[in-house]
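The values are calculated or read from the model by the stated rules, or taken from the named source; none is laboratory data. This is a predicted model, so every value here is computed, not measured. Heads up, the Cβs are rebuilt from the backbone with ideal geometry, glycines too, and the neighbour counts pull from every protein chain shown.
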Amino acid sequence: MAEVRKEKVFCPKCKKEIEIGMWDSIDIPYDIEQKEKILKNIFFKVHCEDCKILFPIAYRCQYNDMENKYMIWFVPGMEEKDRIVLADYNEKLKNDNTLRLAQGGYRYRIVRTDNELREKVFIFEEGFDDRIVEMMKVIYAPMIKQSVAKDHKILGIYFDRKKDGKYRWVIILDRMTQPLMMDINMDIYEDMKGKLKDIIEEKTPEGLAQINALWARDVMMTQVKRIEGARA
Ligand SMILES: [Zn+2]
């Protein structure tokens, strides 16, 4: 079981002091309750009993699923000290044979928000490849933009599942409490999985890395250039 530090935070509304447990790491299968909280997106939130509000609390935390073999580092601030810790870990992955052996076949990811962490855990739990999901977001982006009113900004697009078991995008907008939803055609996933297998492997960095929209756009651009190059 992971170590839990006791820390004090303040309710942003009434300024009440609230004691919370902070987790440096969450280790699956041991911390199964914490996984459920992450999937409900309440793990990095604190409840004030007086105001009856939930407020966000973000700090660096390492999520390690030893059964499904993946590690996700939640690094909200990405300050200099965070960069050093991440670089150290990646160096260790290169040189520490014991660690390499213990974590053979692992996937390593860095996320910056609790929404991203929730999404990655969900994708891996469902048995999907997050790299292809990110590529699908690039494909869907123009359609999503069209369905959003022009004066709104898209804050995030997340992979999710409806109650009927079908998959959908959850689109978080500014100035709106309810997110937009859009159904996903999973045939596209299977199609991309087949076509982009090689380039995705080639473009996946060693060790802890961010696999996000920026990464997916880069992969897509490389693929397009290669196809054009082959035609010329
Ligand atoms: Zn309060």
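The residue that is modelled with the lowest pLDDT, among those in segment 169-184 that are under 21 Å from the mean Cα position of the chain (by Cα), surrounded by 13 or more Cβ atoms within 10 Å (Cβ to Cβ) and not in a strand (DSSP E or B), is 179. Determine whether residue 72 is surrounded by 18 or more Cβ atoms within 10 Å (Cβ to Cβ), touching a residue at least 24 places away in the same chain (Cβ under 8 Å) and not acidic (Asp, Glu). Considered against the rule, which asks whether it is surrounded by 18 or more Cβ atoms within 10 Å (Cβ to Cβ), touching a residue at least 24 places away in the same chain (Cβ under 8 Å) and not acidic (Asp, Glu), residue 72 comes out as yes.
Here's the yes/no breakdown for (1) touching a Cys at 6+ places or on another chain (Cβ under 9 Å); (2) hydrophobic (A, V, I, L, M, F, W, C):
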position: 13; (1), (2): yes, no
position: 22; (1), (2): yes, yes
position: 64; (1), (2): no, no
position: 87; (1), (2): no, yes
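So, residue 121, is that one of a type in the set (Val, Ile, Thr), surrounded by 15 or more Cβ atoms within 10 Å (Cβ to Cβ), in contact (Cβ under 8 Å) with a residue 12 or more places away in the chain and outside the structural domain of residue 45 (by TED's automatic domain parsing) or not? It is false that residue 121 is of a type in the set (Val, Ile, Thr), surrounded by 15 or more Cβ atoms within 10 Å (Cβ to Cβ), in contact (Cβ under 8 Å) with a residue 12 or more places away in the chain and outside the structural domain of residue 45 (by TED's automatic domain parsing).
Evaluation of residue 103 against the conditions (1) surrounded by 15 or more Cβ atoms within 10 Å (Cβ to Cβ); (2) of a type outside the set (A, V, I, L, M, F, W, C); (3) within 17 Å of the chain's Cα centre (by Cα) shows that the sole unmet condition is (3).
In segment 34-48, is there at least one residue being in a strand (DSSP E or B), within 29 Å of residue 104 (Cα to Cα) and either within 19 Å of the chain's Cα centre (by Cα) or of a type outside the set (Asp, Glu) (or both)? The answer is no; no qualifying residue exists. Which of the residues spanning segment 1-28 are in contact with a Ser or Thr (Cβ under 8 Å, 6 or more places away or on another chain) and surrounded by 10 or more Cβ atoms within 10 Å (Cβ to Cβ)? Result: 2, single match.
Looking at 36, 67, just one residue is of a type outside the set (Val, Ile, Thr), without any contact (Cβ under 8 Å) to a residue 24 or more places away in the chain and either within 16 Å of the ligand (Cβ to nearest atom) or in the same structural domain as residue 110 (by TED's automatic domain parsing) (or both), and that residue is 36.
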